[in-house]
Structures are given as structure tokens and as C-alpha cells.
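The values are calculated or read from the model by the stated rules, or taken from the named source; none is laboratory data. Keep in mind it's a predicted model, so treat the numbers as computed, not measured. Glycine also receives a Cβ, built like all others from the backbone with ideal geometry; neighbour counts cover every protein chain displayed. Note: accessible area is taken over every heavy atom of the protein model, side chains too, but ligands, DNA and RNA are not part of it. Shrake-Rupley method; radii C 1.70, N 1.55, O 1.52, S 1.80 Å.
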Amino acid sequence: MATLSVTTPQHSVWGGAMIIGGTIIGAGMFSLPVVMSGAWFFWSVAALIVTWFCMLHSGLMILEANLNYPTGSSFHTVTGDLLGKNWNRLNGITIAFVLYILTYAYISASGSVIQHTLREMSVSFSPRLGGLLTALAVAFIVWVSTRAVSRMTAIVLGAKIIAFFLTFGSLLWHIKPVNLLNSVELNPSYAPYVLATLPFCLASFGYHGNVPSLMKYYGKNPHIIKKCLLLGTLMALGLYVIWMLGTMGNIPRPAFIDIAERGGNIDVLVQSLSQILNSAGLDLLLTIFSNFAVACSFLGVTLGLFDYLADLFKFDDSRTGRFKTALVTFVPPVIGGVIYPDGFIYAIGFAGLAATVWAVIVPALMARASRQRFGSPLYRVWGGNKMIVLVLLFGMINAVVHILSSVNMLPVYR
């Protein structure tokens, strides 16, 4: 039974918000304009808002359940105790799959971005080597400590936000209403393409692996952690809307068909924006921003995977224990990144299906079981059972959409 005492936080709320915001706001945002080009701007923003609301509350439900267990307990411990072995196995598989595949996606993205950056300076560089070097740098930071990740994330996210506003100040200045309103196409259709965007929206609001990490960072203080989740997710939502405005206001809707056919990776989208705006300065800012975006999400996602694996394998927090955890965390996705360096868009898409289980459905079930067993004395998500049902419904819709999309039963903008 959880005690009613809480640990006084020794760290600023902004540190945790930066971990959450930095995890969410990353390379995944580069996939959004491509996969949302069918639904276009206004329908896409509506899908993002709905996803933000449900993903925020599923994260709060993880917090509610986790507060009833010792600090340092992650999904393996909490899910196993509340939902039993079968749910724990399923949840463990989906967590490992999502976090590993996102780690792989960011290795792939970092290699692509580094190659594009150096190509602009007339330097030939392998994306495989770029991804490998980035993975080694991130592994070292995660191995040092959660505090090191928080500080580095704050630095990188701060630089990324500065680059973001410098970049999108230029992008927003060049917005053409004819593009944003898609005035050129005759009788365009948007609504049929909305459902297919939901798994990508879900994957682009993934931070849930960091909720147990924040408990290790702040102790059992739900009010501080709740503020971190709210601020971090709102930051992401705001920047996503600006990003959609800047890209869809500059690139005509039909042009996204060619971008998707060329793989939809970060360098392809950056090249398209640069060609349309014909600005060397903007190309440099986009390149700088994409580098920071990849680094920031890479840090957050791997921290969540690191803490989950440490709990799963019972590795301690010593240097040796953290080194073992780092090996298990980084070696598999690094191998994938070296073998197949161009799988960014595909990885993000597959992550959405598995994330539906562990980041939406399981948190709702854990919150329900936690209330029945413990009464959730430290914190309870508002909305009662109706909120649990809403989050479960959102998760099930996402799962069905992804399955239908996988068998080509949903319309695709081509």
C-alpha cells in the first residue's frame, strides 16, 4: 500500500518538461506533413488535438498506477502486479518493440540528417557511419545518468527551439494561402484520409516510457510530474501546429505525393522546402533544426528504454550495471541501423500500432486496476471511469486503423 508522503522535488519543473517535450518533439515530426498530406491542414490539426488529449491522459494514468510502487519500478513491475503475467508479457513485447524501433528510427534519421548536412558542405559521408556515431554519443550520455540526459536535453531542446523559430519565422513569412487552403485542386477530398493519420499522430506523442524515469528524478510528487507532462505535451502540440502551418503553407498538396514516393525521409522533405523557397539561409536553418530534432528525441526515447530494461533485467544503478543496460539498449537498434539505414518512415508507422497497446490501452487498464486495489491515494486522473473508457476507445480505434491500413483497406493520398 502506498504511503501518503511525497518527496520534495529538488529539480525544476522545466527539467522534466524538457525531457517530455524533447522526447516528443523530434524527428517524428518530419513524418507528419507527409502522412497528413491527404487530410491536409485543418483536419490534421484536429487529429493532433484529439491525440494530444488522449495521450496526455494515458500518461497521467501511468503516473497514477506507478505511484503505488517503489521509486524505480517501471512497466515490467507495475503491469505484472496489476494485470498479471499475460498482460505483462504482451505489454513487455510492445514496449520493447516500440522503444527499440523508435531508437532504430532515430539512428536511421540521424544518419540521413548528418549525410545531408555534410553533403551541403560538399563532404561525402555514409549515413550508416553517421547513425553509428550518433548512437555511441547518446549511449554515453544515457549511461552517465538521468541528470545528464535532462541537462543535455535542455541544452539541445533550447537550441532546437531557437532554430525552430528562426526557421519557421522564415517559413511562416513565405506561406501562400493558395497552398494552405489548397485552392488549386478542384473538389478535393480530405476526410477519408484522416483515419490513416491517427497511428502516426499517436507515435508522434510518445513519451510514456519517461513517466517512471520522472518518478526516479522527482520522487513521489504527482503534482510536479503532472505539470511536467502537461507543459511538455502542450509544447509539442504547439510546435506541431506551427510545423504543419509552415510546411503545408509552402509546399502544394500534390507535391507531397512525390516526397512520399521518394521515401519521405527527413532529407527529402528538407530538400523540397529548400527548392521551393530557394533560400540558402533557410536551408541551413532547416538542416540545423533537423540535427537538433533528431538528437533531442533520441535522448528521450533511449532514456525510457534504458530504464525499462534496467527494471526488466534487474540491473543496478552502478556504473557497471548502467553499462550492461546501455549495451542491451543500444546494440540491437545499432545493428538494424547499420544493415538498413533508410527505414525512418516505416519504423515510425509500425511503432504506432504497438504503442497503442502499451501507451494507451494498458495504462487505462492499469489505472482501473490500481483504483480497485489501492484506491490511488496519491493521485487520481480526473474523469473517473468515463475517461478510462475514452482512452481505451481511442486506443482500439488506432489499432483497427493500423490493421486496416496494413492490408490496404484505407484510402491513401496518391
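For the reader, a short list of remarks on this structure follows.
- Only one entry of 142, 50, 98 meets the criterion of being farther than 30 Å from residue 384 by Cα, hydrophobic (A, V, I, L, M, F, W, C) and in a helix (DSSP H, G or I), and that entry is 142.
- Counting only helices (runs of 4 or more DSSP H) that sit completely within region 173-280, those holding 3 or more residues that are farther than 28 Å from residue 96 by Cβ correspond to 177-180, 222-248, 255-261, 266-277.
- When residues in region 35-51 are screened for being open to solvent by 10 Å² or more (accessible area, probe 1.4 Å), β-branched (Val, Ile, Thr) and farther than 12 Å from residue 243 by Cα, 3 of them pass.
- The residues in region 23-68 that are at pLDDT 90 or above and closer than 25 Å to residue 362 by Cα can be counted, and the count is 23.
- Within region 71-89, the set of residues being under 25 Å from the mean Cα position of the chain (by Cα) and either within 19 Å of residue 207 (Cβ to Cβ) or not in a helix (DSSP H, G or I) (or both) comprises 71, 72, 73, 74, 75, 76, 78, 79.
- Just one residue in the set 129, 181, 172, 157 is touching a Leu at 6+ places or on another chain (Cβ under 8 Å) and either buried (at least 23 other Cβ atoms within 10 Å of the Cβ) or among the aliphatic types (A, V, I, L, M) (or both); that residue is 172.
- Residues of region 90-130 that are aromatic (Phe, Trp, Tyr), under 18 Å from the mean Cα position of the chain (by Cα) and modelled with pLDDT under 80: 106 alone.
- Identity of the residue in region 372-414, in contact (Cβ under 8 Å) with a residue 12 or more places away in the chain and charged (D, E, K, R), that ends up most open to solvent (accessible area, probe 1.4 Å): 414
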